[in-house]
Amino acid sequence: GGTRVTPVIDGLVLRSAQRRSGRGGEWLGSVQARALTDYCGVADVVPRYALGGPAAGRNSRRRTVKYGPGSSVRGTIFHRLAMADVMYEMLTGSHVTLSPWRSDITVPFVGYQGDKKRKRDGDGNGDGDDDAEVDTDDSEDAAAVIAVEDDDGGDDEVEGTSYTLPDGTKVGLAMSKPGKDLCRLPELMYTDEIPFVNLEQEMAMAPGMSIGQATLSSLPIQRLAHASLTAVGDGDARKELCSNILLTGAASLFPNMEARLSYEISNIAPSAYRCKVVASRNTVERRYAPWIGGSILTSLGSFQQLWLSRAEYEEYGATLGSSRFP
């Protein structure tokens, strides 16, 4: 997962100038799941496979859950992928928007969470008065979201004011700051600050990865592209690459993603460079472009020279794969 910037000149990949970041669609999904439980009053996000019949109660639209809070299935890859599907459905909903320019300087889920989580765990050490004020704001925001869950959800409900999770829980999107921030999640692809997690620490714990690798980063995508361009030694090549930036991948399908990336790169690139971002209008091709490219690569006769054999993997481990395929 994540984002990768790969400069290609005359069909040759400049490996030394490749850059990677942990920010991507899957990462946005994890932020969204954390925000739902921490700030949006959702007790638990339930994947579709775990849903049972309708819950008891008159006019109830909720559904029962087949597993308990301590079920071992929660730690399986199957459960993680099922959760990723639910988060992808929500991320691609019509309520999610991205401005073609930075119209709001605030960062989603940053600046109002305070030390609530740390204080709940017993290790908060911020200023008492400031923390209490932030906690009160969070409680009001969460309450505004929970109120939508308790509503009967009549036919007069305005489209876009709430989102219904698979288990029937409704999350308000218009009446609270967390709800509004859920609609602005793609902004996190371009911000210097990120909520909840430290990307470098998380990626450092990933098997076969090292923060010391030159290709690994936690930069926003416009700075990631700028770092990749800077690593290209030839000035004319940099100028040509900057005017031919190809955007692919499922996370590139957010509304205005192409225009926003062009705007952000233009702000940090030298004024002599003409930045142009291009993307396929075929959404299927754009989403599955990495898989299409992979299928073309595997059909080449020289592909066997790129293989990482089982014997090599058993001898050197995942670090060899990371160095051979940066």
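The values are calculated or read from the model by the stated rules, or taken from the named source; none is laboratory data. Nothing here was measured: the structure is a model prediction, and the numbers come from that model. Virtual Cβ from ideal backbone geometry, glycine too; neighbours counted across all protein chains shown. The area values use the complete protein model at the heavy-atom level, side chains included, leaving out ligands, DNA and RNA. Shrake-Rupley method; radii C 1.70, N 1.55, O 1.52, S 1.80 Å.
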Of (1) open to solvent by less than 40 Å² (accessible area, probe 1.4 Å); (2) in contact with a Cys (Cβ under 9 Å, 6 or more places away or on another chain); (3) at pLDDT below 90, Ala174 satisfies every one except (1)
Does any residue in region 24-45 that is closer than 17 Å to Pro220 by Cβ come within less than 7 Å, Cβ to Cβ, of a residue that is open to solvent by 20 Å² or more (accessible area, probe 1.4 Å) and assigned to a loop (DSSP other than H, G, I, E, B) six or more places away or on a different chain, and which pairs are these?
Gly24/Gly1; Gly24/Gly2; Glu26/Gly1; Trp27/Gly1; Trp27/Gly2; Val31/Phe196
Pairing a residue in region 1-18 that is without any contact (Cβ under 8 Å) to a residue 60 or more places away in the chain and more than 17 Å from Leu297 (Cβ to Cβ) with any residue that is in a strand (DSSP E or B) and basic (Lys, Arg), where Cβ atoms lie under 8 Å and the two sit 6 or more apart in sequence or on different chains, gives Gly2/Arg20
